[in-house]
Every structure is written in structure tokens, then in C-alpha cells.
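The values are calculated or read from the model by the stated rules, or taken from the named source; none is laboratory data. Predicted model only: the values in this text are computed from it and were never measured. Positions of Cβ are backbone-derived with ideal geometry, glycine not excepted, and every protein chain shown enters the neighbour counts.
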Amino acid sequence: MATTTETIYDQIEIEDFTFDPVTKLFQYPCPCGDRFQISLYDLQDGEDVAVCPSCSLMVQVIFDEIDLKSYADD
């Protein structure tokens, strides 16, 4: 699925996300009060857009493949 840059609210470094090792979800606060979220598995599959379940905003996750290895080992 191609996402145009007009639909991306911001670009956020993976280090700024909170990672839950149980659910394998990365989360980041959304201006609407909810949280953007994306799974480790989505990132490993090449997806880089985290979505907010409560509004239409999306952010692009900035990361290198090597960054994911430390999260997968948890």
C-alpha cells in the first residue's frame, strides 16, 4: 500500500516510541490524546507507518533494520 507524504503527520525516530515487549507494539502519543501504534512484525515486514486508532493521523517511523534486532531479542 503506497502512502503519499500528504497523509503523514510527522516523522518520528523509533527511539522516541515506547516499546511493549509483551504485545510487541511501538506506541507514540498522538495529538488527539490516543497513541500511534505499529507492531514490531509490521516494521520487520517493511511497513513504516504507525496509525492512530482514534483519528486519521499517521506518522512515519524512522529506523534502520539493525534497530529492530534489539527489540526482537527481548
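Restricting attention to the range 38-71, report how many residues are under 16 Å from Gln27 (Cα atoms), part of a helix (DSSP H, G or I) and either touching a Cys at 6+ places or on another chain (Cβ under 7 Å) or of a type in the set (D, E, K, R) (or both).
The total comes to 2.
Residue check, Tyr9 against (1) in contact with a Leu (Cβ under 8 Å, 6 or more places away or on another chain); (2) closer than 14 Å to Asp67 by Cα; (3) of a type in the set (Ser, Thr, Tyr), all met but one. Which one?
Only one criterion is unmet by Tyr9, namely (2).
Name the one entry in Gln27, Gln11 that is among the polar types (S, T, N, Q), assigned to a strand (DSSP E or B), modelled with pLDDT of 95 or more and surrounded by 15 or more Cβ atoms within 10 Å (Cβ to Cβ). Reasoning before the result, please.
Details: Gln11 fails: surrounded by 15 or more Cβ atoms within 10 Å (Cβ to Cβ).
None of the others qualify; the one that does is Gln27.
I'd like the residue in the range 36-55 that is farther than 14 Å from Glu13 by Cβ and in contact with a helix residue (DSSP H, G or I) (Cβ under 8 Å, 6 or more places away or on another chain) and, out of all such residues, is surrounded by the most Cβ atoms within 10 Å (Cβ to Cβ). Spell out how you get there, then give the answer.
Residues of the range 36-55 farther than 14 Å from Glu13 by Cβ: 37, 39-42, 44-47, 49, 51-55.
Next, only the ones that are in contact with a helix residue (DSSP H, G or I) (Cβ under 8 Å, 6 or more places away or on another chain) stay: 40, 44.
Values: Leu40: 18, Gln44: 14.
My answer is Leu40.
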